[in-house]
Amino acid sequence: MNIKEFLNSEVLEVLKSLGYDAKDALVSRSNRPELSDYQSNAAMPLAKVAHKAPREVATKIATELEKKDFISKVSVDGPGFINMSLTDDFLANVPTTKTRSKGRTIMIDYGGPNIAKEMHVGHLRSAIIGESIKRIMRATGDKVIGDVHFGDWGTPIGMLIAQLQSEQPHLAYFTEPFKSVDFDISISEISALYRRAAANFKESDDFKEKARVATFELQKKRSGYIALWSLFHDKSVAAVKENYDHLGVDFDLWNGESDVNDLLPKLVDDLTQKGMAQPSQGALIVPLEAKNNHERAPLILKKSDGAYTYAATDLATLIQRMNDYHPDNILYVVDARQREHFDQVFEVARLAGIVPETTALEYIPFGTVNGADGKPFKTRSGGVMTLKALIELAVDKARETVPADADKNTTEAQAHKVALGALKFQDLKNARTSDYIFDTDNFTKSEGKTGAYLQYAVARINSILDKSGVTIGDIDSAQIKISHPLERELVLALRRFPESLVEAYIHREPSVIAEYVYTLAQRFSTLYAELSINGEKDENLKLSRLKIALLTRETLKQGLGLLAIECPDRMLKN
Ligand code: ARG
């Protein structure tokens with residue numbers, strides 16, 4: 001049950017019974033937890049309308065609330081805040097209610113890796129934030145479709161083709177009509193090829209022109225180029241899938257930019273027909289009106305070299321998504337530097353009628369991962385930190401958390417869980433839009449605000465439950481009895497999980513869940529330091545504390561699950 005929503009509807013009933021015409025009881029968590037659990041700020045606006053003193057209105061409401069059996073204490077404070085606390089009995093026995101599914105269809109575009117480019121730490125954020133938002137939305141009952149939106153079309157491919165042709169001109173890909181060829185290339189060779197191509201692209205106008213022509217002919221589906229593209233594509237997808245598998249991130253759709261190639265000419269025709277698109281210096285653009293007194297750059301559909309742009313591809317992808325899924329919302333989890341791009345794409349999509357007002361378009365930006373020097377995170381030697389290297393670094397450190405008696409397979413599996421928990425938690429604990437400094441020294445430690453701290457909390461509860469001599473079934477059916485303020489605090493935190501889920505959902509903000517599980521683990525830790533569980537003499541109290549421990553473990557696991565963090569059964573502190 002979502003207690004905040006429950007209280008809100010209860011206070012609303014009271015307001016109605018007192019003759020007030022209110023739509024919302026403005027219930028929130030208390031600003032002063034030492035004073036109360038929740039507060040309602042409804043009296044002030046109501047008093048204003050009724051031309052009465054706010055405290056007088058608040059007192060009337062409070063008198064009615066006092067009669068409720070779930071309320072232990074009500075007070076009117078300040079200008080007319082109504083502070084409420086719940087009875088221990090209510091907290092101990094909060095009924096579980098099923099989340100009502102709104103049945104919304106949501107598409108999330110995240111990950112966004114590119115052909116031939118090895119994934120680096122920047123791609124990590126889109127993948128893990130997107131995965132977490134997907135899980136949070138699913139947990140509230142939405143139907144969520146994740147799409148990787150592979151960057152597999154356009155200039156980068158033209159560059160690869162031109163580079164390979166300059167190195168191995170006799171390959172059959174380059175003679176038309178293309179028949180077949182016995183040629184293979186590994187993903188690391190493709191990445192190296194791309195690096196050489198990028199260097200040439202920067203330096204030589206001649207190479208640039210070759211890459212342009214290759215891109216153009218690829219988009220017109222020259223058969224040898226398509227064959228070569230397939231090879232690059234399949235190798236890249238396989239490599240990217242392996243990376244995502246390691247990360248515990250998975251997608252429902254593996255669509256890419258190339259999938260909408262055939263929609264591009266019609267898109268451009270339609271926008272031209274509608275009078276939206278117009279030529280400008282050889283390119284084709286859609287001018288955009290100023291917003292908030294700020295001039296805006298036009299959206300470019302086609303460059304002067306005839307190639308369709310990233311923006312054109314995103315518009316065509318919207319056509320496809322609307323056709324195939326009619327989603328209620330489309331979310332783009334893409335770094336903060338692409339704000340202008342999405343601003344343009346969303347506006348043109350609306351103006352052109354590609355996306356109706358009933359479908360929300362949401363740009364979900366995130367900040368940069370920096371090194372200790374405040375600049376984008378690099379390896380020790382100054383190179384780009386690949387995702388693979390980063391995971392290896394974390395796994396090495398995480399081995400310290402594995403109990404010495406574990407066999408080799410268990411050790412590796414566990415080191416992997418701890419390493420990924422560390423990577424993900426270090427990222428997700430930050431507000432999505434802020435930049436953060438990647439801490440390579442302490443991020444796998446089980447002290448501090450880390451993934452390992454939380455995994456350790458779960459492992460410790462496992463061992464408490466194991467040693468209790470009581471079966472999980474018996475613990476589960478035990479009664480919670482609140483006998484100490486520390487128990488009350490922990491139980492209150494446990495009961496607030498549904499509220500945190502809703503908050504994380506509303507703000508598309510996994511850090512709300514990260515903060516929640518961290519607080520929960522801390523409260524359990526404090527309780528365990530002060531009160532004995534298995535050592536408790538009173539049998540009912542022991543059972544109640546075991547039940548609280550069990551609930552804590554389940555809630556921690558559920559919360560961590562929303563962050564895509566798994567927990568090992570046993571763990572050493574490191
Ligand atoms: N591949 C793009 C990049 O690396 C990200 C794609 C984001 N999604 C989108 N629909 N544009 O920048």
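The values are calculated or read from the model by the stated rules, or taken from the named source; none is laboratory data. The model shown is predicted, which means the values in this text are computed figures rather than measured ones. Here the Cβ is made from the backbone with ideal geometry for all residues, glycine too, and neighbour counts use every protein chain on show.
Here 400, 362, 295, 289 are screened, and the one residue that is under 24 Å from the mean Cα position of the chain (by Cα) and either more than 16 Å from the ligand (Cβ to nearest atom) or under 22 Å from residue 433 (Cα atoms) (or both) is 362.
Residues that are farther than 22 Å from residue 132 by Cβ and in a loop (DSSP other than H, G, I, E, B) do not occur anywhere in the range 420-434. For the range 12-53, a residue qualifies if it is acidic (Asp, Glu) and farther than 19 Å from residue 78 by Cα, and the qualifying residues are 13, 21, 24.
Considering only residues that are of a type outside the set (D, E, K, R) and within 13 Å of the ligand (Cβ to nearest atom), which ones fall in the range 320-345? If the condition is that a residue be of a type outside the set (D, E, K, R) and within 13 Å of the ligand (Cβ to nearest atom), then 320, 330, 331, 332, 333, 334, 336, 338, 341, 342, 344, 345 are the ones that fit. For the condition of a type in the set (Phe, Trp, Tyr), more than 18 Å from residue 118 (Cα to Cα) and either at pLDDT below 95 or crowded, with 18+ Cβ neighbours inside 10 Å (or both), residue 225 qualifies. All of 33, 95 fail the test of being free of Cβ contacts under 8 Å to residues at least 60 places away in the same chain, under 19 Å from residue 494 (Cβ atoms) and under 35 Å from the mean Cα position of the chain (by Cα), apart from 33. Among the residues of the range 129-141, those identified as within 19 Å of residue 244 (Cα to Cα) and either acidic (Asp, Glu) or in contact with a Gly (Cβ under 9 Å, 6 or more places away or on another chain) (or both) are 130, 131, 134, 135. Going by the structure shown, is residue 392 over 18 Å from the mean Cα position of the chain (by Cα) and more than 25 Å from residue 110 (Cα to Cα)? No. Of all residues in the range 529-553, those that are of a type in the set (Gly, Ala, Ser) and not in a loop (DSSP other than H, G, I, E, B) total 3. Residue count for the range 96-120 under the criterion of being at negative phi and within 13 Å of the ligand (Cβ to nearest atom): the result is 11. In the range 529-544, the residues that are more than 14 Å from residue 485 (Cα to Cα) form Cβ pairs under 6 Å with partners that are surrounded by fewer than 12 Cβ atoms within 10 Å (Cβ to Cβ), at six or more places apart or across chains, as follows: 534/467. Among the candidates 452, 504, 493, 457, the residue that is crowded, with 19+ Cβ neighbours inside 10 Å and closer than 20 Å to residue 127 by Cβ is uniquely 504. Considering (1) without any contact (Cβ under 8 Å) to a residue 40 or more places away in the chain; (2) over 30 Å from residue 391 (Cβ atoms), the lone condition that residue 268 does not fulfil carries the number (1).
Within the range 554-574, the residues that satisfy the criterion of being part of a helix (DSSP H, G or I) and either out of contact with any Phe, Trp or Tyr (no Cβ under 9 Å at 6 or more places or on another chain) or of a type in the set (Phe, Trp, Tyr) (or both) are 554, 557, 561, 562.
Okay, residues lined up against (1) touching a residue at least 12 places away in the same chain (Cβ under 8 Å); (2) of a type in the set (Gly, Ala, Ser); (3) buried (at least 20 other Cβ atoms within 10 Å of the Cβ):
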| residue | (1), (2), (3) |
| --- | --- |
| 292 | no, no, no |
| 310 | yes, no, no |
| 317 | yes, no, yes |
| 333 | yes, no, yes |
| 374 | yes, yes, no |
| 380 | no, no, no |
| 391 | yes, no, no |
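Checking the structure you have, find out if any residue of the range 142-155 is surrounded by 23 or more Cβ atoms within 10 Å (Cβ to Cβ), aromatic (Phe, Trp, Tyr) and in contact with a helix residue (DSSP H, G or I) (Cβ under 6 Å, 6 or more places away or on another chain). Yes, that holds for at least one residue. Residue 548 fulfils the conditions (1) among the aliphatic types (A, V, I, L, M); (2) in contact (Cβ under 8 Å) with a residue 60 or more places away in the chain; (3) surrounded by fewer than 21 Cβ atoms within 10 Å (Cβ to Cβ) except for a single criterion, (3).
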